[in-house]
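Inspection log for the structure reproduced underneath, given as structure tokens.
The values are calculated or read from the model by the stated rules, or taken from the named source; none is laboratory data. Bear in mind that the values here come from a model prediction, so they are computed numbers and not experimental data. When we count neighbours, we look across all protein chains shown, and the Cβ atoms used for this are built from the backbone with ideal geometry, even at glycine. Surface areas here come from the heavy atoms of the whole protein model, side chains and all, with no ligands, DNA or RNA. Shrake-Rupley method; radii C 1.70, N 1.55, O 1.52, S 1.80 Å.
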Amino acid sequence: MFIPEQILKNAVTAIPSPTDLAVVFCGREQLVHNSALPTFADLPSLGIGRTFLAGTLSDGRRIFGLEQNALPDEFEKMASRAIMATADADMQYGIARAREMAIWRSRHRLCGACGASLRASDTDLAFVCPVCGAQYYPQIAPAIIVAITKDDGKSILLAHNRRFGAVYSL
């Protein structure tokens with residue numbers, strides 16, 4: 001079972017090891033290496049900047065997220081949906097968590113109270129304003145999924161978008 005970063009000890013100060021997985025975002029897509037998520041051993045040419053720990057997979061591997069603007073030759077871009085379609089549930093949760101954290105981090109750069117640049121907290125999963133002390137945490141957005149069935153649960157209604165290939169959703 002995937003363990004999100006906020007309940008891990010030392011999640012804020014975690015440093016990636018060469019065997020840890022990297023969810024590297026380049027715009028709306030992710031970078032892959034040999035059609036798989038790269039490890040940090042695969043990333044020396046990227047000039048790694050700010051990383052963040054998304055969580056730990058059930059097999060003990062950690063997933064870190066990072067944003068990258070340039071695309072090195074040995075990497076290719078792949079849509080997040082395509083990666084998710086081939087990943088197991090544990091990996092899907094980790095990738096989704098890293099993506100949500102990357103979006104939160106990219107949208108919270110300035111303090112909403114005074115306009116100063118935010119910095120990452122040293123002790124918590126939050127951004128802190130060094131001027132006024134305001135703290136900003138990721139938003140929690142609970143959701144439900146409803147299945148519409150017929151014939152005593154033997155058939156289920158699925159949605160399909162032609163742009164996503166063979167991916168269907170509830």
Count of the range 113-170 residues which are of a type in the set (A, V, I, L, M), out of contact with any helix residue (DSSP H, G or I) (no Cβ under 6 Å at 6 or more places or on another chain) and under 28 Å from ALA14 (Cβ atoms): 10
Subset of the range 69-89 that is open to solvent by less than 30 Å² (accessible area, probe 1.4 Å) and not hydrophobic (A, V, I, L, M, F, W, C) - its residue that is modelled with the highest pLDDT: SER80
All positions within the range 16-48 that are at pLDDT below 85, farther than 17 Å from ALA102 by Cα, open to solvent by 10 Å² or more (accessible area, probe 1.4 Å) and in a loop (DSSP other than H, G, I, E, B): ASN34, SER35, GLY47
Residue ID - surrounded by the most Cβ atoms within 10 Å (Cβ to Cβ), chosen from residues in the range 96-117 that are among the charged types (D, E, K, R) and free of Cβ contacts under 8 Å to residues at least 40 places away in the same chain: GLU100
Some residue of the range 55-63 being open to solvent by 40 Å² or more (accessible area, probe 1.4 Å), modelled with pLDDT of 80 or more, closer than 26 Å to ALA120 by Cβ and in contact with a helix residue (DSSP H, G or I) (Cβ under 8 Å, 6 or more places away or on another chain): no
Subset of the range 118-161 [open to solvent by 100 Å² or more (accessible area, probe 1.4 Å), touching a residue at least 40 places away in the same chain (Cβ under 8 Å) and of a type outside the set (D, E, K, R)]: THR123
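Taking the range 124-156 on its own, how many of its residues are in a loop (DSSP other than H, G, I, E, B) and within 21 Å of GLU100 (Cβ to Cβ)?
Taking the range 124-156 and keeping what is in a loop (DSSP other than H, G, I, E, B), we get 124-126, 129-134, 137-148, 151-154.
Right, trim to within 21 Å of GLU100 (Cβ to Cβ) and you get 124-126, 137-145.
Looking only at that region, the number is 12.
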Any hit, the range 148-161, residues being of a type in the set (S, T, N, Q) and within 30 Å of PRO18 (Cβ to Cβ): no
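What do you reckon, is TYR93 open to solvent by 90 Å² or more (accessible area, probe 1.4 Å), in contact (Cβ under 8 Å) with a residue 24 or more places away in the chain and under 28 Å from ILE3 (Cβ atoms)?
Yes; evaluated as a whole, the condition is true for this residue.
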Counted residues, the range 143-166 - those being within 21 Å of ARG81 (Cβ to Cβ) and among the basic types (Lys, Arg): 2
